[in-house]
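Since the structure comes first, as structure tokens, the remarks are kept for the end.
Derivation of every value follows stated rules applied to the coordinates shown; laboratory data play no part. Keep in mind it's a predicted model, so treat the numbers as computed, not measured. Counting neighbours? That spans all protein chains shown, and the Cβs are built from the backbone with ideal geometry, glycine included.
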Amino acid sequence: MKMSMEKFRHFYNENREKLFGYLTRKSGNRTLAADLVQEAFTRYLECYRRRDLSIALLFTIGRNLLYDHVRSCAQPAGSTVMPEATEIDEEQAYINREDSRLMLAALQQLDDDERDILALAASSGLPYKEIAVVCGCSEASVKVRVHRARQKLRRLLPEDRR
């Protein structure tokens, strides 16, 4: 059964920020993440329009696009790009930028698998059971890997930023 464009539009609006957050955390590059989000939805629509909508499939497509990009560049997945400040108060804006910079820098120090599992857990809104489908492992394994990655991330962050 073919999905309606209205249904797909709702799926897009509901999941684009989640996918963007995941790809930003995984790559450390907001511009690249934005490009990959658009490409992931385009591929989903082109290749999987006859399937039921699945956030796990969408995140798998996004992750694979990032891996393809990294392989094509033959180098790490980009540099850390600061998110824009949204606060009027300049001091708070600076603190927010610094916190984001520190978090992205700490995330980049994690192994790829650790960064992947944390980005999925933090950004996707997926339950551990669906994250397990995306990663190709058991739900129990996802829980353990998320816990260990969070512990490692805490150790990488400065004490006053945890």
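The table for this structure:
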item: Ordering of 113-121, 141-149 by packing [mean C-beta count within 10 Å, highest first]; result: 113-121, 141-149
item: Cα-projected label distance for Arg154 with Asp52, points at 7 Å along beta-carbon direction, nm; result: 3.7
item: Cα coordinate range in region 1-54, projected on the principal axes (Å, largest first); result: 38, 19, 14
item: Anchor Lys143: lysines whose Cα lies under 22 Å away (excluding residues fewer than 8 positions away in-chain); result: Lys18, Lys26, Lys129, Lys152
item: Euclidean distance between Cα centres, region 102-155 to region 40-57, Å; result: 23
